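Working notes for the structure below.
Just so it is clear, none of the values below were taken in a lab; they were calculated from the coordinates. None of the values given here were measured: they were computed from a predicted structure. As a convention, Cβ positions derive from the backbone with ideal geometry for all residues, glycine included, and neighbour counts pool all protein chains shown.
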Amino acid sequence: MIPEFGHYALILALCVAIIQGVLPLIGAHQGRREWLMLARPAAQTVFLLLAIAFVLLAWSFYTNDFSVLYVAEHSNSQMPVMYRLGAVWGGHEGSLLLWVFLLSTWTILVAQLSKALDEFMVARVIGVLGLVMSGLLLFILTTSNPFERLLPAAQDGRSLNPLLQDPGLVFHPPMLYMGYVGFSVAFAFAIASLLSGRLDAAWARWSRPWTTAAWVFLTLGIALGSWWAYYELGWGGWWFWDPVENASFIPWLVGTALLHSLAVTEKRGGFKSWTVLLAITAFSLSLLGTFLVRSGVLTSVHAFATDPRRGIFILIFLALVVGSSLILYAWRAPKSSLGGKFSLSSRETFILLGNVFLVVSAGSVLLGTLYPLLIDALHLGKISVGPPYFNSVFVPIMIPLLVLMGIGPWTHWKNSDLVAVIKRLWLAALVAVFAGVTIPMVMGDFTWLAGLGFLLAFWVIASGCLQIIRQAKTGKPTRSFIGMQVAHLGIAVFVIGVTMVGAYQEEKDVRMSAGETVSVGGYQIQLQGIQAERGPNYLAMRGTFLLSKNGNIEATLYPEKRNYFSSTMPMTEAAINVGLTRDIYVSLGEELTDKSWAVRVYYKPFVDWIWGGCLLMALGGVLAISDKRYRIRLKRQAA
Amino acid sequence: MKPRYKRALIIIAALAVIGVAALLILNALNSNIALYVTPSEVAAGKAPQGQAFRIGGMVKDGSLKRDGLTVHFVITDLVKDIPVAYTGILPDLFKEGKGAVIQGRLNANGEFIASEVLAKHDENYMPPEAKHALEQAQKNGSNK
């Protein structure tokens, strides 16, 4: 009965979501207060129903109810409880349920925290979110019902893909989805303001912390995914320009542009139409990303053929969302495109330029991701677009962006004396050039690309430090200001990590038997031996490696090759010795003849700075949200 | 400066960025796209010369031979066989009798020197390109 209750809760949620999507919008249009008032209770009911559905699905996993098809396909009685619960979002149906659950979480957060906002606006925002919710619930119920029964029940489940049996699965998807789904709030605010015709600074001020929050989650989600791929997939890379990764990165780029554009709209009332367009784009790309990834369209267009209903539904839904918002945009967006007077040397110009770079880079990634699909759909042959494409397009676009990042924050709104700004920056330029020349020399190998990477990173850092010093002299800096500096510093830290790994990592594939030593990056790694070990639901071959430098033993590493009982697929578990300035990464290949093994070792300088940089960016976002000006209003409403 | 000029300047700057990006994209697409070729097409000499490309197909049963870290195997669409050499560690899901996609170039002896061997994350998953090659070969076989 439990799964039927879950299914029933989903159906009820759809009915209430339709009410939430339709009545408040009509009520706001016709000025019917009693219909407006339905928005909050409806949103709360949907949240409650979805929470019930979610808990019931988790319960089915917990009790190993293999009469539920989704459970039978993604779980197994031998799996540890934590992974059985993580498996709730380990497949298509469950992850969509997570998606709508998080969407309703954002919705009630908006409903609860927006009491100071005018009722018409709140009703419209909740209504738009309700419409999105209805579409997704309809999609789940018609094509991807997680509660579908499997009769007769399976003896045992097929188990989760061993790659996914990792703590990363428990945290990565919810984080990423919080980000994806969070852009729906910015989208709803944009649509609501188009509907009401009130595109003003107040609107920007309201949607700004929400957008930043979504961006923080997306940043963390992407970073977690990258870190997971690094240690779990056994490949040792941190980014592969895989279509699935790109699907999350494209909304991030557009979302970053949106954050900056919202700042202009809030502070200066400018860029209104552009901001609205970015909000619509960011959310549409999030939708595109989730669906493409989960429906398998991205690996091949032919995945449509496996379940044509899903693909077609997705296309229609996307077309509806994008089409109707763009029509509304064309009809209601303010005509003067940039708004607010500003001179060429002003902060507005710099933000606009930065926006152009971000959007163009997002476009280039999108193009590379969709190009093989397009060519295949047109029957022009099958091709693959690999990392070299993305590296040779994306990196050059980021270079001027980083240069701008060092200058932009110095400029004033409206009009700024560019010569004075440049005069202040000579010290930063000096530091940057010095770092760009000396760091590669110290690392022992000068390449232009590495030099450029350090130069840009230290340009951003030095410029940020100078600003902080100046700000500290004139008074206490606001949280927004600190947040901006921390996030920009995060970018610089990230660039340092990427540059170091790109230029100075060492990789060796070697054949080793017990007692043999391989050296990498000034470290020696000795294979002690390889023994069989038994885990809860797998058998492993476990290697013991001794890591030493100049004769001092630093650590013992235990990489594994696992064979899960429920699967014929072997799994590589890499062993990583983590350090602030370098990681040593050892993974087992396969057993060769005469008891020797293929072993892959990496020396990865500063690789953790990549994720450290992402953490700083997220921290910057959190600081910006906690700025006083957002809280003052909260206090006022409480009074 | 007059607002009109200002706007024109901004538009020109934006167009310049987009133009440069378009150039980069076209250039990168030209040199960094790997074409998928089926084993039959390689055997018929239709593979791109002097450029990396990808082959999708099945790893032939019993063809895997190790020589230290170098692996030799045969990739097939069940009609034509292409010998492949790869040095390095094979992905977990690489197996005889399973689908695989490899990227690399042909050498003078007609052996495919792989720089990358790709296998997907799931054991039940057949790379669509490998499937495509098998279907293609079957179709051509039944036409004859």
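With q set to 0.12, 0.14, 0.17, 0.20 Å⁻¹, the log10 of I(q)/I(0) for chain B, from the Debye formula over equal scatterers at the Cα positions, is -0.56, -0.69, -0.92, -1.18. Note on B:HIS132, B:HIS72: ascending count of other Cβ atoms within 10 Å places them as B:HIS72, B:HIS132, the fewest first.
In terms of other Cβ atoms within 10 Å, A:TYR523, A:TYR585 run from fewest to most in the order A:TYR523, A:TYR585. With the cut-off at 1.5 for a/c, could you classify the stretch A:403-539 from its C-alpha gyration tensor as rounded, prolate or oblate? Cα axes put the stretch A:403-539 in the prolate bin.
For A:LYS272, a cut-off of 12 angstrom between C-alpha atoms picks up these aspartates and glutamates, skipping any fewer than 8 places away in its own chain: A:ASP200.
Relative to 2.2 N^0.38 Å, what does the C-alpha radius of gyration of the stretch B:20-72 come to as a ratio? Two decimals please. Don't skip to the end; give the middle numbers.
On the way: Rg = 16.1 Å, N = 53, 2.2 N^0.38 = 9.9 Å.
The value comes to 1.62.
In the stretch A:1-165, the convex hull through the Cα atoms has an average projected area of 9.8 nm², a quarter of its surface area. In this entry, the stretch B:35-102 is assigned a mean projected area of 4.6 nm², taken as a quarter of its C-alpha convex hull surface. Our note on the geometry: Cα centres of the stretch A:122-143 and the stretch A:157-214, 14 Å apart. When the listed pairs A:LYS595/B:LYS80; A:LYS595/B:LYS131; A:LYS604/B:LYS80; B:LYS46/B:LYS98 are checked against a 32 Å cut-off, the alpha-carbon distance exceeds it for A:LYS595/B:LYS80; A:LYS595/B:LYS131; A:LYS604/B:LYS80. When chain A is described by a simple charge dipole with +1 on each Lys and Arg Cβ and -1 on each Asp and Glu Cβ, the residue from A:TYR564, A:TYR371, A:TYR538 located farthest towards its positive end is A:TYR371. Computed from the C-alpha gyration tensor, the three semi-axes of the ellipsoid equivalent to the stretch A:507-606 are 24, 15, 12 Å, from longest to shortest. For the residue pairs A:LYS549/B:LYS95; B:LYS65/B:LYS139; A:LYS561/B:LYS95, the alpha carbons lie more than 27 Å apart in A:LYS549/B:LYS95; B:LYS65/B:LYS139.
Each label was represented as a point 7 Å from its Cα along the Cα-to-Cβ direction; for B:THR87 and B:GLN51 these points are 2.7 nm apart. Mean partner shielding of peptide A:252-260, defined as the number of other chain Cβ atoms within 10 Å of each residue Cβ, is 0.
Within a 10 angstrom radius of each residue's Cβ in B:14-25, how many Cβ atoms of other chains show up on average? Whole number is fine. Spell out each step's value before the answer.
Working: counts 7, 1, 1, 8, 4, 1, 4, 12, 5, 2, 9, 10.
Across B:14-25, the average partner-chain Cβ count within 10 Å equals 5.
Among the GluC sites (Glu not before Pro) in the stretch A:469-530, those located in a DSSP loop and surrounded by at most 15 other Cβ atoms within 10 Å of their own Cβ are A:GLU516.
Would you be so kind as to identify which of A:ALA39, A:ALA51, A:LEU98 lies farthest towards the positive end of the dipole of the stretch A:1-165, taking Lys and Arg as +1 and Asp and Glu as -1 on Cβ and the Cα centre as origin? Highest projection toward the positive end goes to A:ALA39.
Taking K and R as +1 and D and E as -1, what net charge do the other residues with C-beta under 12 Å from the C-beta of A:ASN64 add up to? Walk me through the intermediate numbers first.
Numbers: positive: A:ARG84; negative: A:ASP65, A:ASP156.
Net charge in that neighbourhood comes out at -1.
Compute the angle between helix B:128-143 and the longest alpha-carbon principal axis of chain B, please, reported from 0 to 90 degrees and rounded to the nearest 10. Value to nearest ten degrees: 60.
Peptides A:73-84, A:23-34, A:203-214 ranked from most to least packed by the mean count of surrounding Cβ atoms within 10 Å: A:203-214, A:73-84, A:23-34. Evaluated with a Cβ-only charge set (Lys, Arg +1; Asp, Glu -1), the stretch A:397-504 carries a dipole of roughly 560 debye about its Cα centre, given to the nearest 20. Here chain A yields Rg over Rh of 0.99, to two decimals, using C-alpha coordinates and the Kirkwood radius. The mean number of partner chain beta-carbon atoms within 10 angstrom of a residue's beta-carbon across peptide A:557-569 is 1.
Using only alpha carbons, the stretch A:83-186 has a radius of gyration to Kirkwood radius ratio (Rg to Rh) of 1.08.
So, counting K/R as plus one and D/E as minus one, what does the shell of residues with Cβ under 11 Å around A:PRO477 add up to? Walk me through the numbers on the way to the answer.
Details: positive: A:ARG470, A:LYS473, A:LYS476, A:ARG479; negative: A:ASP627.
Here the count lands on +3.
Specify the inter-centroid distance of the stretch A:1-72 and the stretch A:597-620, based on alpha-carbon positions, in whole Å. With the stretch A:1-72 and the stretch A:597-620 each reduced to a Cα centre, they are spaced 40 Å.
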